[in-house]
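Just so you know, all these numbers are worked out from the coordinates, no wet-lab data involved. As the structure is a computational prediction, the values presented were derived from the model and not from experiment. Cβ sites come from the backbone with ideal geometry, for glycine too, and all protein chains shown count toward neighbours.
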Amino acid sequence: MFLFEGPETADHTILLAHGAGAAMDSAAMTAASAALAASGFRTARFEFAYMAARRADGPRRPPPKAELLMDEYRVAIAALGAGPGLVIGGKSMGGRVASMIADPERDAGRVAGLLCLGYPFHPPGKPESLRTAHLEHLRTPALICQGTRDIFGNRDEVAGYRLSPAIELLWLEDGDHDLRPRKAISGFSVADHMARLAQAARSWAGRL
């Protein structure tokens, strides 16, 4: 059920769910998980049932609405084993689903924090359709790692949102929704951004 990386004795385990259209072993998730594991975290990736079914059936299945995946995420937390060192999150939609269950899971002592990689603040081309209402009052300590040119919410757009003070933002210069920069333009590589992400996550987790 889980794809693990990093030391079993790590102080923090990060449970990561995938985005709407790419599996848990996508290039973006693999790069982020490897960087986090190399910095001392234990990472555990998992897939929602609709994505697992794509592997078995072949045809692409559209993802359910994020609200319908909340229970699946809770099941993954229980299967992994909740604890004071558990951070939940994920890539895009996976991080959004985690953010929707974070507060009650933390209140119950099962989760310590929330890590989102490329949060989908709005659908591409629809900046008026915000997915931020619950983020205004989030109490769980959160780190959102976002590319400055993410079409789901770039730096200029996000600057105008009302977000909880529990949320910290890490902006990765010229990063897209997968946090990938254009090296010829930005001077940064994917490896550079992954290293900065891991360093920021390490510092943030130390304050949980």
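Here are some notes:
- Cβ-derived FRET efficiency at R0 30 Å, D107 paired with Y50, nearest 0.05: 0.60
- Per-residue ellipticity at 222 nm, computed for the chain from helices alone with -39500 (n - 2.57) per DSSP H run of at least four residues, works out to -10000 deg cm²/dmol.
- Taking GluC sites (Glu not before Pro) across segment 1-72, the ones in a DSSP loop with at most 11 further Cβ atoms lying within 10 angstrom of their Cβ are E8.
- Here the extension length gained between A195 and F4 equals 66.8 nm, from 0.36 nm per residue of separation less the Cα-Cα distance.
- Antiparallel bridges, percent of DSSP beta bridges restricted to segment 3-205 (to nearest 5): 10 percent
- Note on segment 49-129: Cα-Cα pairs beyond 20 Å make up 39% of the total pair count.
- Assuming charge only on the beta carbon of Lys and Arg (+1) and of Asp and Glu (-1), the dipole of segment 84-208 about its Cα centre is about 220 debye to the nearest 20.
- A straight line joining the Cα centroids of segment 167-184 and segment 98-138 runs 19 Å.
- Close amide H pairs (under 5 Å, H built 1.01 Å from N) link L172 with Q146, G147, T148, residues at least 5 positions away or on another chain.
- Mean separation of Cα contacts under 8 Å, 6 or more apart, over the residue count of segment 8-148: relative contact order %: 24 percent
- Residues in segment 100-125 that a label on H134 would reach, taking backbone N under 18 Å of a point 7 Å out along Cα→Cβ: 100-123
- In sequence order, segment 74-89 has phi-based couplings of 4, 4, 5, 4, 5, 5, 6, x, 6, x, x, x, 8, 10, 10, x Hz under the Karplus curve 6.51 cos²θ - 1.76 cosθ + 1.60, θ = phi - 60°, and Gly or Pro positions carry x.
- Positive-end residue of A66, A56, S203, charge dipole of the chain with Cβ unit charges: A56
- For the chain, radius of gyration divided by Kirkwood radius, i.e. Rg to Rh on alpha-carbons: 0.93
- Scattering curve values for segment 1-63, log₁₀ I(q)/I(0), Debye with Cα scatterers, q = 0.20, 0.24 Å⁻¹: -0.73, -0.92
- Amide H contacts under 5 Å for L16: A44, R45, F46, restricted to partners 5 or more places along the chain or on a different chain, H placed in the peptide plane at 1.01 Å from N.
- Note, ³J(HN,Hα) from phi for segment 140-150, Karplus 6.51, -1.76, 1.60, rounded to Hz, x at Gly and Pro: 6, x, 9, 10, 10, 9, 9, x, 5, 10, 5
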